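Taking it in order: structure first as structure tokens, then the write-up.
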Amino acid sequence: MSAKIIEKKLIRPPDVFYYKVSAPLISKKARPGQFVIIRLNEKGERIPLSLADINPEEGTISLIVMAIGKTTSEMATMKAGDEILDLCGPLGQPTHIEKTGKVVLVGGGFGVAPLYPIAKAFKAAGNEVVTVMGARSRDLLVYEKEMNAVCDRVVVTTDDGSRGIKGPVTAALEQELSKGGADLVMAVGPAIMMKFVCRTTEPFKVKTIVSLNTIMIDGTGMCGGCRVRVGGETKFACADGPDFDGHLVDWDMLLGRQKMYVAQEKESFEAWKKRHAHAVSEGE
Amino acid sequence: MEEKKKPKIIPAKTPVPEQAPLARRSNFKEVSLGYTKELALEEASRCFGCKNRPCVGGCPVGVPIPEFIAFLKAGEFQKAINKIKETNLLPAVCGRVCPQENQCEKFCTLAKKHEAVAIGRLERFAADWERENGKGGTPPLPPPTGKKVAVVGSGPAGLTCAYDLAKQGHKVFIFEALHAPGGVLFYGIPEFRLPKDIVRREIESLRKMGVEIVTNAVIGKLITVDELLDDYDAVFISTGAGLPKFMNIEGENLNGVYSANEFLTRVNLMRAYQFPEYDTPIRVGERVAVVGGGNVAMDAARNALRLGAREVTLVYRRSEVELPARKEEVHHAREEGVRFELCVNPARIIGGNGWVEAIECVRMDLCEADESGRRSPKPITGSEFQIPVDTVIMAIGTGANPLVPQNTKGLALTKRGYIAADEETGKTSREGIYAGGDIVTGSATVISAMGAGRRAARAIHKYLSGEK
């Protein structure tokens, strides 16, 4: 099944795009925390993407994608009306949503986007939801308005202090936890950020859920390429996850496995840039 | 006039032309080139056309073997392939990948004293001949029955079940989780053994019969089996045994360690051997160890050579006689230069900076045969040794993928998580739900999965016709 892009916009110049994609069946089944796998064309790779919104009424899902490598940059050249050749999902286990009290969500960079449906769900379940979101500087923040609309409170941090509190998200999180504690923390974003979020929450003994974005192919548990160590056991992020107890994740292994194809990813991206130089510079 | 005289016995199979080992280990083209017309006629002449047809009994889908060979002898190639297609939807596939030596050819009358008739090669010849010369027609279809069947998984079991049901006039929808149909025929078996173009064409003939194939549809996630039952009169589950096993030894999660499933999927389905023209990468390095002794291990080892590995070592814990792979595959792997370390088991994988550097193995002593008839291996203390490698591929089998069983209420499972289904009918514990292939038996062969698909189709047809 292919899927049509209904709407596309640049939400953070120059490289973070919002795509609304027609996916009637997926939108009915998808729950916050799940993901899809896309393949753009016949020669394309399969990449997992988190769901930034699910809209069953209009039969769409939303994806926030940063053009950072070959496939994501190629996707950035697509327009509303274009078809994504393959869209497969919903995959993975949904985030476990229940009423626990106060939930602190932590997002870094454009990783805030997949927290949006999760925040809505925690709120709807009757929780107090606080989001701590950070970026290097104010221009790089995404989804601040959206998160404000669904959370009780949003704490913004920037490394350079151009907006909100100056410093990393972990410092603001630590403050939040020392002030008012939390019953649950959930972090989504770069692996290195999630690792340090877990390190921050550990002394507070707050359960911390992380959503792991590993290398995947099929997304159904068939290849094992996404395997992670959690609590001394090997798990498949695609089928057992993507959510895991962050205090049990072997972060060094996870970070190491993400480097598996760095050289090839670069080679592929460079070759593509040469072929499509004009498309990249035009951006939108 | 029929020939009265007994045919002359020709003791050995007509050899089949192959790419030379040194040439083929650096390309992905098919190893066996197949019989020419002349060679096929020569080989067909070896068949006695025995009245008791022992070979047919050895075929899980009951291909009318002596009959199709008789047509070949007479040069009636179209009739020969039509005959095969009466019971086998995938002759070009089966002619290439069936373990004929354990099936039809094992029971060949000639095989008692000599080499069996090369039934597989003849089947392949007939199928290839049709692709190049024939009409490639589809069997005549009866009027639609108005019944709808959902088939989950498009591997050999699902395709065969769909074919047989479509032939009865039922409307069949196949749901496939990946973006390309074919299951293991597509993602698992390498190009050099089974060109993907052939798989595509054989599946195309199914589409021509009106079978719909829905790709990117993960049943259990996108649609549950119970939801399928709302829209369809019956469901056949053939999702395969797709969960890769690991050994749970130290170092298995280092970069450079692949499951055979991942390695083969990257190469076959995603065409990583054409990187960067195709996006999906693969890393092989100079030296590769493959753990396991089955066909999948041979496929992985031979793929590794073709991807440029200088040295490929296959590590298997039992001896040559216990190797589960087909003899032909073992022979081909050896010819191409795969090194065999037999009676050897990995103890741990050693890495540096997160990457594989070596595999440490221990030599095994084979004890008396256990009740399974296989000698169980015991490690010899102090026999540890290391093989320096860049890549390790684990080809030690697969388990049941829990996706469908987990999401289907009340479906009885076996202890190992496979779907409990009647061997003869594929009936499960739930009415209207049938299952067959590797998701019932655990990893087996293409043809046995096809057999299961056929038997289930028969039972489903009865069920839909209201027979009990």
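Compute the projected area of the convex hull of the Cα atoms of the protein assembly as shown, averaged over all viewing directions, and report it in nm² to one decimal place.
Average of the hull's projected areas for the protein assembly as shown equals 35.8 nm².
Out of all DSSP beta bridges in chain A, what portion is antiparallel? Express it as a percent rounded to 5.
60
Which number comes out as Rg/Rh for segment B:19-125 once both Rg and the Kirkwood Rh are worked out on C-alpha atoms?
For segment B:19-125, the value is 0.98.
Based on Cβ point charges of +1 for Lys and Arg and -1 for Asp and Glu, what charge dipole magnitude is obtained for segment A:102-211 about its Cα centre, in debye rounded to the nearest 20?
With Lys and Arg at +1 and Asp and Glu at -1, about 80 debye.
Taking the Cα centroid of segment B:199-263 and of segment A:1-74, what is the distance between the two, rounded to the nearest whole Å?
22
For segment B:364-418, go through all pairs of different Cα atoms, get the mean of 1/r, take its inverse, and jot down that Kirkwood value in Å.
15.8 Å is the Kirkwood radius here.
Is it possible to state the helix-based mean residue ellipticity at 222 nm for chain A, with each DSSP H run of 4+ residues giving -39500 (n - 2.57), the sum divided by total residues, to the nearest 500 deg cm²/dmol? What is it?
-8000 deg cm²/dmol
Which shape class applies to segment A:60-150: rounded if a/c is under 1.5, otherwise prolate when a/b exceeds b/c and oblate if not, where a ≥ b ≥ c are the square roots of the Cα gyration tensor eigenvalues?
Note, shape of segment A:60-150 comes out oblate.
Over what distance in Å are the Cα centres of segment A:214-261 and segment B:120-136 separated?
45
Quick one, what does Rg over Rh come out to for segment B:92-142 if you take C-alpha atoms and the Kirkwood Rh?
With Rh from the inverse mean 1/r over Cα pairs, Rg/Rh is 1.12.
Structure shown: which of A:20/A:259; A:235/A:266; A:20/A:102; B:29/B:208; A:28/B:221; A:28/B:148 lie over 19 Å apart, alpha-carbon to alpha-carbon?
A:20/A:259; A:235/A:266; A:20/A:102; B:29/B:208; A:28/B:148
In terms of the Cα gyration tensor, with a ≥ b ≥ c the square roots of its eigenvalues, is segment B:176-267 rounded because a/c is under 1.5, prolate because a/b exceeds b/c, or oblate?
oblate
At what distance in angstrom do the alpha carbon centres of segment B:376-394 and segment B:406-468 lie from each other?
Each part reduced to its Cα centre gives a spacing of 39 Å.
Can you say what percent of the DSSP beta bridges in segment A:102-211, counting only those with both residues inside, are antiparallel? Round to 5.
If we restrict to bridges inside segment A:102-211, about 0 percent are antiparallel.
Chains B and A: how much accessible area gets covered up at their contact, both sides added, probe 1.4 Å, in Å² to the nearest hundred?
Accessible area lost upon association: around 3700 Å².
Would you kindly find the accessible area of residue A:198, with a 1.4 Å probe and non-protein molecules such as ligands, DNA and RNA excluded, rounding to the nearest 10 Å²?
We get 10 Å² for residue A:198.
Return the equivalent ellipsoid semi-axes of chain B as a descending list in whole Å, where each equals the square root of 5 times an eigenvalue of the C-alpha gyration tensor.
Value: 36, 30, 21 Å, ordered largest first.
Ignoring ligands, DNA and RNA, what accessible area per residue does chain B give at 1.4 Å, in Å²?
42
Give the shape of segment A:142-284 as rounded, prolate or oblate, defined through the alpha-carbon gyration tensor: a ≥ b ≥ c are the square roots of its eigenvalues, a/c under 1.5 means rounded, and otherwise the shape is prolate if a/b is larger than b/c and oblate if not.
Oblate, since a/c reaches 1.5 and b/c is not below a/b.
Where only protein heavy atoms count, and the probe is 1.4 Å, what is the accessible area per residue for chain A in Å²?
Counting only protein heavy atoms, the per-residue value for chain A is 41 Å².
How many times 2.2 N^0.38 Å is the alpha carbon radius of gyration of segment B:124-171?
Segment B:124-171 yields a ratio of 1.40.
Inverting the mean 1/r over all pairs of different Cα atoms, compute the Kirkwood radius of segment A:102-211 and quote it in Å.
13.3
Output needed for segment B:241-286: three equivalent-ellipsoid semi-axes, defined as square roots of 5 times the C-alpha gyration tensor eigenvalues, in descending order, whole Å.
Result for segment B:241-286: semi-axes of 22, 14, 6 Å.
Dipole size in debye (nearest 20) for segment A:163-284 around its Cα centre, Lys and Arg Cβ +1, Asp and Glu Cβ -1?
320
Which helices pass in chain B if a helix is a full DSSP H run, must span at least 20 angstrom along its long axis by Cα, and must have mean Kyte-Doolittle hydropathy not below -1.0?
B:446-464
Is it possible to state the helix-based mean residue ellipticity at 222 nm for chain B, with each DSSP H run of 4+ residues giving -39500 (n - 2.57), the sum divided by total residues, to the nearest 500 deg cm²/dmol? What is it?
-8500 deg cm²/dmol
Taking chain A as a Gaussian network, where each spring joins two C-alpha atoms under 10 Å apart, which residue of A:78, A:253, A:133 fluctuates the most?
Of A:78, A:253, A:133, the Gaussian network model singles out A:253 as fluctuating most.
Please compute the alpha carbon radius of gyration of segment B:277-370, then divide it by the globular-protein estimate 2.2 N^0.38 Å. Two decimals is fine.
Relative to the 2.2 N^0.38 Å estimate, segment B:277-370 comes out at 1.16.
Using a simple charge model, +1 on the beta-carbon of Lys and Arg, -1 on the beta-carbon of Asp and Glu, nothing else, what dipole does the protein assembly as shown show about its Cα centre, in debye to the nearest 20?
1320
Please identify, among A:32, A:14, A:114, the residue showing maximal mean-square fluctuation in a Gaussian network model of chain A using a 10 angstrom Cα cutoff.
Residue with maximal mean-square fluctuation among A:32, A:14, A:114: A:14.
Considering the Cα positions of segment B:349-468, please state its Rg to one decimal place and its Dmax as a whole number of Å.
Taking only Cα atoms of segment B:349-468, I get Rg and Dmax of 21.4, 66 Å.
Could you please state how large a percent of the accessible area of chain B is carbon and sulfur, counting protein chains only and using a 1.4 Å probe?
51
For chain A, state the semi-axes of the equivalent ellipsoid (square roots of 5 times the eigenvalues of the alpha-carbon gyration tensor), sorted largest first and rounded to whole angstrom.
Each semi-axis is the square root of five times an eigenvalue, giving 29, 21, 20 Å.
Output the antiparallel fraction of DSSP beta bridges having both residues in the protein assembly as shown, as a percent to the nearest 5.
If we restrict to bridges inside the protein assembly as shown, about 50 percent are antiparallel.
The values are calculated or read from the model by the stated rules, or taken from the named source; none is laboratory data. What you see is a predicted model, and the numbers here were worked out from it, not measured in a lab. Glycine also receives a Cβ, built like all others from the backbone with ideal geometry; neighbour counts cover every protein chain displayed. Just so you know, the surface numbers come from the protein's heavy atoms only, side chains and all, with ligands and any DNA or RNA stripped out. Shrake-Rupley method; radii C 1.70, N 1.55, O 1.52, S 1.80 Å.
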